[in-house]
Amino acid sequence: TAEQVKNMQDRAAEDLLAKILPVIDDLERAQEHLNDPGLAGILKQFHLILAGEGVSIFESDGEEFDPRTMECVDIRPGPKNIVVKTASKGYLYGENVLRHAHVVVGSGDEVSPGKSSPSVIPEVEESL
């Protein structure tokens with residue numbers, strides 16, 4: 001039926017888009033260090049293409065942790081259950097989660113000035 005074909009097309013598009021997101025993450029990390037105008041233009045094109053396909057980024061920094069759209073990769077001192085840092089952005093495809101945001105969530109302990117807490121997951125520290 002037409003509905004089944006549409007569902008298959010949507011699923012194929014979702015799979016392809018999900019495969020592109022790590023590449024965009026890498027380009028964004030490179031841009032943070034290089035601050036290259038050409039790379040900025042490429043990232044803008046990627047974001048425009050994603051938006052045209054119905055993909056949107058959702059904000060997680062400062063938001064209450066939501067397991068429906070976020071995955072906690074670490075816990076650090078900070079406001080309890082509030083996202084204190086986003087390791088990887090979350091994306092929606094229409095109203096569905098294309099990729100959960102990978103976030104660091106506050107433990108409820110206060111942050112001591114000049115002190116950092118050890119990472120619960122060491123390999124995440126490198127990507128932050």
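The values are calculated or read from the model by the stated rules, or taken from the named source; none is laboratory data. This structure is a prediction, so every number in the text was calculated from the model and none was measured. Backbone-built Cβ (ideal geometry, glycine too); neighbour counts: all protein chains shown. Calculation scope for accessible area: heavy atoms of the full protein, side chains included, ligands and nucleic acids excluded. Shrake-Rupley method; radii C 1.70, N 1.55, O 1.52, S 1.80 Å.
In table form, for the structure just shown:
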{"quantity": "Options Val73, Val23, Val83; residue that is in contact with a Phe, Trp or Tyr (Cβ under 8 Å, 6 or more places away or on another chain) and either of a type in the set (Val, Ile, Thr) or in a strand (DSSP E or B) (or both)", "calculated": "Val83"}
{"quantity": "Whichever residue in the range 9-66 is aromatic (Phe, Trp, Tyr) and in contact (Cβ under 8 Å) with a residue 40 or more places away in the chain and, among such residues, is surrounded by the fewest Cβ atoms within 10 Å (Cβ to Cβ)", "calculated": "Phe58"}
{"quantity": "Selection from the range 1-60 of residues that are among the small types (Gly, Ala, Ser), modelled with pLDDT under 95 and farther than 16 Å from Tyr93 by Cβ", "calculated": "Ala2"}
{"quantity": "Residue match in the range 36-50 (condition: in contact with a His (Cβ under 7 Å, 6 or more places away or on another chain) and in a loop (DSSP other than H, G, I, E, B))", "calculated": "no"}
{"quantity": "Positions within the range 81-96 being open to solvent by 60 Å² or more (accessible area, probe 1.4 Å) and touching a residue at least 60 places away in the same chain (Cβ under 8 Å), in sequence order", "calculated": "Lys89, Asn96"}
{"quantity": "So Gly78, is it loosely packed, with under 13 Cβ neighbours inside 10 Å, at positive phi and touching a strand residue (DSSP E or B) at 6+ places or on another chain (Cβ under 9 Å)", "calculated": "no"}
{"quantity": "Test: residue in the range 97-109 that is among the polar types (S, T, N, Q) and either open to solvent by 60 Å² or more (accessible area, probe 1.4 Å) or under 13 Å from the mean Cα position of the chain (by Cα) (or both)", "calculated": "no"}
